[in-house]
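Trainee: This is the structure I have questions about; it appears just below.
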Ligand code: NAD
Ligand code: AKB
């Protein structure tokens, strides 16, 4: 059986995707890879892989007989605004190398897009599946380009590329990697450790969000969906919940009544958040491959607090 390669596997999504793939397909079929070595304790096999090195990407795909790639290696929105040219280089070159390897070796390929692929000119609530995409961040520019490149490799070369536009993702296994929605993870750690949190977004900033078990399941379900059903194959809107920092804090206070939140708004991340959707219209994902979220705000908060209590 061919192997499944996850690039950027030590990150927020990869940590949980690798575990889910191991449970579903068996440890021997999963190859986790990252530029950092933190994956040595992950389930499955781990290799060091810098996706900026095209020869090494080809070598790994060939040597390990890879049939499917989940390409998660990337620079996220807030970090990208601090080093825009580097973020463009990393996000585009790593993708081109993986697309090329998928073409050469006949692999299926999952590439995540984001609510960051939209900009201030896009309707925010709801954001239609097919709409204006004029992002004002370097991250968003790379996400739109990635959606188009994946379409191109599918129509030009027949590569089985697929992708989801993820909202902000909330999880407990790994810390997020430099995004604008990271507050919605940090808040839980601070609430349990210190009983208070200073949020870098304004209290009323509503964004689209999803709990990681739904995100991981969505990626696997999309990769398993019959190809002939997928009209929007590389850029499906998916959504699960919408909230602002004030609403998330109130929900946490239902379980930790002494928890306090205050605000010290970071203008860079606030401007990014203000340009992003508040709610994606996920009707295409529902119709084309049966997407349905399982976690809303209340269920997510209960599970996050209980999982983090065990860990902290
Ligand atoms: P993350 O920052 O937590 O992880 C990214 C991983 O990529 C890191 O472990 C990093 O070491 C690795 N990496 C960076 N450069 C690399 C290179 N040259 N070669 C190999 N590995 C490299 O990110 P994440 O949150 O897991 O996101 C994964 C993907 O999902 C990204 O494309 C991101 O844009 C997308 N996404 C994430 C979210 C979210 O909320 N986490 C939302 C929407 C889309
Ligand atoms: C980020 O904030 O950069 C990510 C995303 C929504 O793409 N979490």
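Trainee: Stokes-Einstein diffusion coefficient for the range 16-56 at 25 °C in a medium of 0.890 mPa s, Rh from the Kirkwood formula over Cα pairs: what value in µm²/s? If you can, show how the numbers build up before the last one.
Mentor: Numbers: Rh = 10.7 Å.
The diffusion coefficient I find is 230 µm²/s.
Trainee: From Cα pairs below 8 angstrom and at least 6 apart in sequence, can you work out the relative contact order of the range 1-151, rounded to a whole percent?
Mentor: On the way: 272 pairs, mean separation 31.3, N = 151.
Dividing the mean separation by the residue count of the range 1-151 yields 21 percent.
Trainee: Here is a further query. Counting only Cα, what are the radius of gyration and maximum Cα-Cα distance Dmax of the range 237-279, in Å?
Mentor: Taking only Cα atoms of the range 237-279, I get Rg and Dmax of 12.9, 37 Å.
Trainee: Counting other beta carbons within 10 Å of each residue's own, what order do 281, 34, 204, 228 fall into, fewest first? All intermediate terms of the calculation are to be shown ahead of the outcome.
Mentor: On the way: 281 18, 34 24, 204 9, 228 6.
Least crowded to most crowded, the residues run 228, 204, 281, 34.
Trainee: Moving on. Arrange the following residues from fewest to most other Cβ atoms within 10 Å of their Cβ: 124, 254.
Mentor: Details: 124 18, 254 11.
So the residues, fewest neighbours to most, are 254, 124.
Trainee: Dividing the alpha-carbon radius of gyration of the range 171-312 by 2.2 N^0.38 Å (N being the number of residues), what value is obtained?
Mentor: Details: Rg = 16.3 Å, N = 142, 2.2 N^0.38 = 14.5 Å.
The range 171-312 yields a ratio of 1.12.
Trainee: Please label the shape of the range 100-195 as rounded, prolate or oblate, based on the square roots a ≥ b ≥ c of the eigenvalues of the alpha-carbon gyration tensor (a/c under 1.5 means rounded; beyond that, a/b larger than b/c means prolate, else oblate).
Mentor: Details: a/c = 2.99, a/b = 1.58, b/c = 1.90.
Oblate shape, in that a/c is at least 1.5 and b/c is the bigger or equal ratio.
Trainee: Normalised by the residues of the range 128-274, what does the relative contact order come to in percent, with Cα pairs under 8 Å and at least six apart? Could the numbers behind the result be given before it?
Mentor: Numbers: 176 pairs, mean separation 48.9, N = 147.
The value is 33 percent.
Trainee: Taking Cα pairs under 8 Å and at least six residues apart, what relative contact order does the chain come out at, in percent?
Mentor: Details: 644 pairs, mean separation 56.9, N = 312.
Value for the chain: 18 percent.
Trainee: May I pose another question? Helix 138-157 versus the longest principal axis of the chain: what angle, 0 to 90°, nearest 10, using Cα atoms?
Mentor: So the helix axis and the longest Cα principal axis differ by about 30 degrees.
Trainee: Right, another one. Starting from the Kirkwood radius over alpha-carbon pairs of the range 1-81, derive D by Stokes-Einstein at 10 °C in a medium of 1.306 mPa s and give it in µm² s⁻¹. Write down the numbers at each step before the final one.
Mentor: Working: Rh = 12.6 Å.
So the translational diffusion coefficient is about 126 µm²/s.
Trainee: Turning to a different aspect of this structure: Roughly speaking, what % of Cα-Cα pairs in the range 12-130 are separated by over 25 Å, rounded to a whole number?
Mentor: Numbers: 2123 of 7021 pairs.
It works out to 30 percent of all Cα pairs.
Trainee: Could you give the length gained by full extension between residue 229 and residue 134, i.e. 0.36 nm per residue of separation minus their alpha carbon distance, to one decimal place?
Mentor: Gain on extension, residue 229 to residue 134, equals 31.4 nm.
Trainee: Using a Gaussian network for the chain with springs between C-alpha atoms less than 10 Å apart, which of these wobbles most: 41, 234, 91?
Mentor: 41
Trainee: For the residue pair residue 96 and residue 253, what label-to-label distance in nm results when each label sits 7 Å from Cα along the Cα-to-beta-carbon direction?
Mentor: That separation, rounded to one decimal, is 5.1 nm.
Trainee: Can you tell me which of 104, 83, 63 moves the most in a GNM of the chain? Springs connect C-alpha atoms under 10 Å apart.
Mentor: Of 104, 83, 63, the most mobile in the Gaussian network model is 63.
Trainee: If you line up the long axis of helix 84-105 against the longest principal axis of the chain, both from Cα atoms, how many degrees apart are they, to the nearest 10?
Mentor: 40 degrees
Trainee: Compute the Kirkwood hydrodynamic radius of the range 160-233, taking the inverse of the mean of 1/r over all pairs of distinct Cα atoms, and give it in Å to one decimal.
Mentor: On the way: mean 1/r = 0.0693 Å⁻¹.
Taking the inverse mean of 1/r over all distinct Cα pairs, the range 160-233 comes out at 14.4 Å.
Trainee: Determine the distance separating the Cα centre of the range 259-291 from the Cα centre of the range 26-67; give it in Å without decimals.
Mentor: Using only Cα atoms, the two centres lie 31 Å from each other.
Trainee: Per residue, how big is the convex hull around the C-alpha atoms of the chain? Give it to me in cubic angstrom, could you?
Mentor: Numbers: hull volume 37.7 nm³, N = 312.
Normalising the Cα hull of the chain by residue number yields 121 Å³.
Trainee: Label-point separation (nm) for residue 292 and residue 174, each offset 7 Å from Cα along Cα-to-Cβ?
Mentor: Simple spin-label model gives 3.0 nm for this pair.
Trainee: Using just the helices of the chain, give the 222 nm mean residue ellipticity in deg cm²/dmol: DSSP H runs with n ≥ 4 each add -39,500 (n - 2.57), and the total is spread over all residues, rounded to 500. Mind showing how you got there, number by number?
Mentor: Numbers: 11 runs with 135 residues, N = 312.
Computed mean residue ellipticity for the chain: -13500 deg cm²/dmol.
Trainee: Same structure, new question: Nearest-5 percent of antiparallel DSSP beta bridges in the chain? Before the final figure, lay out each step's value.
Mentor: On the way: 3 of 32 bridges.
Taking every DSSP beta bridge within the chain, about 10 percent pair in antiparallel fashion.
Bear in mind these aren't lab numbers, they're just calculated from the coordinates by the rules spelled out. On a predicted model such as this, the values are computed, not experimentally measured, just so you know. No Cβ is skipped: glycine too gets one built from the backbone with ideal geometry, and neighbour counts run over all protein chains shown.
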